[in-house]
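The structure appears below as structure tokens.
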Amino acid sequence: MTATSSLHERRRPLGDDELAGVPWLPHLTPAERARAAAAMRISDAEPGELICRIGAPATYWFGVLDGLLKMSTDTAQGQTITFSGLTPGGWFGEGTVLKRETYRYNIQALRRSRVAGLPLDSFHWLLDHSIGFNRFVMNQLNERLAQFILAIEADRTPVPEQRVARNLAALVNPVLFPGVGEMLRITQQELAYLVGLSRQRVNEALQALAAQGLLRIEYGGLRILDLGALRTRYF
């Protein structure tokens with residue numbers, strides 16, 4: 001890899017261990033799985049590198065195998081609005097790929113991340129031929145709607161604990177991000193970028209949530225103890 005090579009230029013086929021981390025492959029028949037596996041590619045995204053850019057046409061359906069990405073947009077005044085974080089196991093942008101549109105958001109790596117992509121034509125071929133793939137995508141869209149309702153609630157609350165709690169619940173959503181589990185590998189600074197609060201306010205909110213038994217702050221991340229409360233409790 002050179003410093004100037006693009007994410008697309010660095011793409012390569014997925015290894016067997018990487019294919020095992022793609023959550024929708026088990027929903028396919030053996031023939032569908034073989035076709036999808038052959039078409040997929042993966043690249044290592046460096047911190048700050050853009051995977052998707054506003055206005056660019058969709059060419060792949062992307063998924064995070066490892067690392068942390070953020071979905072955001074920029075206002076006319078030059079401010080960045082972050083919509084959500086994207087954690088391991090999460091595949092995103094199916095709405096844009098479905099409609100063959102250009103991206104209305106940026107997807108950027110917050111740390112070194114492994115990002116896989118299924119080509120646009122392969123995505124639509126699976127939609128036309130695979131019942132299992134259709135069910136997976138429908139479930140994704142339904143869960144995504146619920147996630148964005150939570151995101152709107154979190155963005156409008158003045159209470160830091162509730163804002164942090166709702167964002168954490170979104171980051172460990174077991175349907176959208178099945179690769180996370182109970183341990184979210186994230187720094188407080190990364191969480192501050194995603195939540196839109198200072199690192200100090202995020203730290204105070206995490207301490208308050210930990211005191212209520214909803215999570216435990218551990219070396220390298222946060223252990224989620226009560227996902228239901230993070231989703232629904234008012235603080």
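The values are calculated or read from the model by the stated rules, or taken from the named source; none is laboratory data. Since we're looking at a predicted model, the values are computed, not measured. Cβ atoms come from the backbone with ideal geometry, glycine included; neighbour counts cover every protein chain shown. Heavy atoms of the whole protein, side chains included, go into the accessibility calculation; ligands, DNA and RNA do not. Shrake-Rupley method; radii C 1.70, N 1.55, O 1.52, S 1.80 Å.
Summary of computed values
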| quantity | calculated |
| --- | --- |
| Helices (runs of 4 or more DSSP H) contained in segment 186-235 and holding at least 3 residues closer than 20 Å to Ala109 by Cα and under 18 Å from the mean Cα position of the chain (by Cα) | 188-195 |
| Where a residue in segment 203-218 is free of Cβ contacts under 8 Å to residues at least 40 places away in the same chain and its partner, wherever it lies, is open to solvent by less than 50 Å² (accessible area, probe 1.4 Å), with Cβ under 7 Å and at least six apart | Asn203/Gln188; Arg216/Ala210; Ile217/Leu206; Ile217/Ala210 |
| Strands (runs of 3 or more DSSP E) completely within segment 63-133 that count 3 or more residues being closer than 16 Å to Phe177 by Cβ | 69-74, 80-86, 113-119 |
| Filter result for the condition that a residue is under 19 Å from Ile81 (Cβ atoms), of a type in the set (A, V, I, L, M), open to solvent by 40 Å² or more (accessible area, probe 1.4 Å) and in contact with a helix residue (DSSP H, G or I) (Cβ under 7 Å, 6 or more places away or on another chain), over Leu197, Leu191 | Leu197 |
| Number of positions in segment 113-135 that are surrounded by fewer than 19 Cβ atoms within 10 Å (Cβ to Cβ) and of a type outside the set (Ser, Thr, Tyr) | 13 |
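For (1) in contact with a Leu (Cβ under 9 Å, 6 or more places away or on another chain); (2) over 26 Å from Leu191 (Cβ atoms), each residue gets a yes or a no:
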site: Thr59; (1), (2): yes, yes
site: Gly67; (1), (2): yes, no
site: Gln79; (1), (2): no, no
site: Gly90; (1), (2): yes, no
site: Glu101; (1), (2): no, yes
site: Ile107; (1), (2): yes, no
